[in-house]
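*Asks:* Pasting a structure below so you can have a look.
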Amino acid sequence: METWTDWTPVFRLMILGLLIAAGPLAWVWLRARGASTRQRLRLLSALTLFLTFDLVLFGAFTRLTDSGLGCPDWPGCYGAVSPIGAHADIAAAQAAMPTGPVTFSKAWIEMIHRYLATSVGVLILVMAVASLIERRRDPTVPALWPWVSLVWVCIQGAFGALTVTMKLFPAIVTLHLMGGLALLALLRLQTVRFGQADALTQQAGALGPGLRLALWGLLALVALQVALGGWVSTNYAVLACRDFPTCQGSWWPEMDFARGFELWRPLGELRSGDALPFAALTAIHYVHRLFAYGVLAVLLGVGWALHRAGLTRHAAWLWGLGAWQLLTGLSNVVLEWPLVAAVAHTGGAALLVTLLAGWLAAAYPARAKPATAPMTASVWQEGRA
């Protein structure tokens, strides 16, 4: 029996994303009327970075409001392009389970996240094509990174689909979060390469080899800490420890590291099908907390090194974001995971990654290709002589 896939919801979502992206594209065109294509690319890359940051925050909001399965299929909602067309299916699911994963509000949150993601993909596609065309006229225009970003945003879309089809599989959801922060880093790199860098980032071009290495190390630690934080969030382990600085009244509570960090398993279960024990959730939470102490110590040290090098504003940004992450992380524990603090914690991590990526991009300026002079007959003869 012949089977086929109905691609109609995909095409409908793509068209809707194109219509949403038309607004930012029109704004860039009007704002940069009379400007060169390179100047428009600068503005478009900065706007895309801003919208992607918003997308990461809204993705955190989607996850934290348990809206990830608000539409249990992908890319549409019960085959429709919006919850309006899926009204009957959503109503039936909500009637069967009023506090379940499918409600009208959760469906709208999930679909808005998909609309925003599709529109960001369209903007990156436009930027990739435009940069490739412009490079034919100006060899200094960076064309590689927009295409890398385009490939990466497609991978992100695939992880988004797996997040739904695999029913919030913790490893997939965590990788989806990490992929969003990697996309922010790529887009920040592009804004620097296109020349859309603020004064703070431009000053980072004077970083010496030692400070560059320190920033790379800090970025690696932040990435690992974000992965650990994503693992806490996707396993709903935030409230495994409700006190601070101890956990469950102990400096070393009962923990099950082996089961807690069994990576490839369904949500709330082990690979064997047994329920995930509470000691495993405690281990997930406490490892993230302990590692945070180390990351904060390194962040303070790198900030001090930047301060001694005369980059006081850079140090202030690092210290400020470190304090922000500490306060929002503590708020999640002692205030029992308020939505505002949880989203703010994700936003602080995203901003820290974006900031470090921009400084490192400025510290390694792109090398312009030397112009090749045309080979005249005299030059040819001198070369043969």
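*Asks:* To the nearest µm²/s, what D does Stokes-Einstein give for segment 10-50 at 10 °C and 1.306 mPa s, using the Kirkwood radius over alpha carbon pairs as Rh?
*Replies:* Translational D for this selection: 145 µm²/s.
*Asks:* Okay, moving on. For log10 I(q)/I(0) by the Debye sum over Cα atoms at q = 0.09, 0.11, 0.15 Å⁻¹, which listed value, [x] -0.62, -0.88, -1.39; [y] -0.68, -0.91, -1.26; [z] -0.56, -0.85, -1.45, comes from the coordinates shown?
*Replies:* [x]
*Asks:* With a 1.4 Å probe and every protein chain left in place, tell me how much accessible area VAL122 has, in Å² to the nearest 10.
*Replies:* 20
*Asks:* In the Gaussian network model of the chain, springs joining C-alpha atoms below 10 Å, which of TRP27, TRP251, TRP108 carries the largest mean-square fluctuation?
*Replies:* Evaluated over the chain, the most mobile residue of the options is TRP251.
*Asks:* Eigenvalues of the Cα gyration tensor times 5, then square-rooted: what semi-axes does that give for segment 105-264, in whole angstrom, largest first?
*Replies:* In descending order the semi-axes read 36, 24, 13 Å.
*Asks:* Still on this structure, I have one more. Mind checking which of LEU290, LEU51, LEU200 has the largest fluctuation in a GNM of the chain, springs on alpha carbons under 10 Å?
*Replies:* LEU290
*Asks:* Considering all projection directions equally, how large on average is the shadow of the alpha-carbon convex hull of segment 67-118, in square nanometres?
*Replies:* Average projection, Cα convex hull of segment 67-118: 3.0 nm².
*Asks:* Between LEU213 and ARG137, what FRET efficiency comes out of the Förster formula 1/(1 + (r/R0)^6) with R0 = 35 Å and r the beta carbon distance, rounded to 0.05?
*Replies:* 0.40
*Asks:* For the chain, return all DSSP H helices satisfying: extent of Cα atoms along own axis at least 18 Å; mean Kyte-Doolittle hydropathy at least 0.0.
*Replies:* 8-31, 37-64, 104-135, 144-165, 170-193, 209-234, 278-308, 312-334, 339-363
*Asks:* May I ask for the Rg/Rh ratio of segment 22-150, computed from Cα atoms with Rh as the Kirkwood radius, given to two decimals?
*Replies:* Looking at segment 22-150, the ratio lands at 1.13.
*Asks:* Follow-up. So, R0 is 45 Å and r is the distance between the beta-carbons of PHE11 and GLN202; what FRET efficiency does that work out to, to 0.05?
*Replies:* Computed FRET efficiency for PHE11 and GLN202: 0.55.
*Asks:* Applying 1/(1 + (r/R0)^6) with R0 = 51 Å to the Cβ-Cβ distance of ALA26 and LEU330, what FRET efficiency is obtained, to the nearest 0.05?
*Replies:* 0.75
*Asks:* Using a 10 angstrom Cβ neighbour count of at most 16 plus a DSSP loop assignment to flag exposed trypsin sites (Lys or Arg not before Pro), which longest range of the chain is free of such sites?
*Replies:* By the stated rule (loop sites, at most 16 other Cβ atoms within 10 Å), 34-135.
*Asks:* Rounded to the nearest percent, how much of the accessible area of segment 147-250 (1.4 Å probe, protein heavy atoms only) is carbon and sulfur?
*Replies:* Roughly 74 percent of what the probe reaches on segment 147-250 is carbon or sulfur.
*Asks:* On to the next question. Quick check for me: using +1 on Lys/Arg Cβ and -1 on Asp/Glu Cβ, what's the dipole size of the chain about its Cα centre, in debye to the nearest 20?
*Replies:* That gives a dipole near 1640 debye.
*Asks:* Report the one residue of LEU228, ALA309, ALA292 whose Cα lies farthest in the direction of the positive end of the charge dipole of segment 212-309 (charges on C-beta: Lys and Arg +1, Asp and Glu -1; origin at the Cα centre).
*Replies:* Going by the Cα projections, it comes out as ALA309.
*Asks:* Could you pull out every Cys in the chain that lacks a partner Cys with its beta carbon under 4.7 Å away?
*Replies:* CYS154
*Asks:* Can you check what the net charge comes to around GLY195, using other residues whose Cβ is under 9 Å from the Cβ of GLY195 (Lys, Arg +1; Asp, Glu -1)?
*Replies:* My count for the surroundings of GLY195 gives +3.
*Asks:* Please identify, among THR246, THR282, THR37, the residue showing maximal mean-square fluctuation in a Gaussian network model of the chain using a 10 angstrom Cα cutoff.
*Replies:* Result: THR246 has the largest fluctuation of those listed.
*Asks:* Sticking with this one: Would you calculate the separation in nanometres between label points at SER105 and ALA92, each defined as 7 Å from the Cα along the Cα-to-beta-carbon direction?
*Replies:* It is 2.5 nm.
*Asks:* Work out, in µm²/s and without decimals, the Stokes-Einstein translational diffusion coefficient of segment 223-344 at 25 °C, 0.890 mPa s, Rh from Kirkwood over C-alpha pairs.
*Replies:* D, rounded to a whole number, is 157 µm²/s.
*Asks:* Something else about it: Give the range of the longest stretch in the chain that excludes all GluC sites (Glu not before Pro) found in loop regions by DSSP and having at most 13 other beta-carbon atoms within 10 Å.
*Replies:* Of all site-free stretches, the longest is 3-253.
*Asks:* Using the basic label-point model (7 angstrom from Cα toward the beta carbon), what is the ILE155 to THR65 distance in nanometres?
*Replies:* Taking the simple label geometry, ILE155 and THR65 are separated by 3.0 nm.
*Asks:* Further, regarding this structure: Could you pull out which residues in segment 222-238 have an amide N less than 14 Å from a spot 7 Å beyond the Cα of GLN248, following the Cα-Cβ vector?
*Replies:* Counting only backbone N, you get 237-238.
*Asks:* Per DSSP H run of at least 4 residues, take -39500 (n - 2.57); add these up for the chain, divide by its residues and hand me the 222 nm value, nearest 500 deg cm²/dmol.
*Replies:* Using -39500 (n - 2.57) per qualifying helix, the result is -23500 deg cm²/dmol.
The values are calculated or read from the model by the stated rules, or taken from the named source; none is laboratory data. Only a predicted model underlies this, so the values are computations on that prediction, with no experimental measurement involved. When we count neighbours, we look across all protein chains shown, and the Cβ atoms used for this are built from the backbone with ideal geometry, even at glycine. Quick note on the areas: whole protein, heavy atoms, side chains included, nothing else; ligands and nucleic acids left out. Shrake-Rupley method; radii C 1.70, N 1.55, O 1.52, S 1.80 Å.
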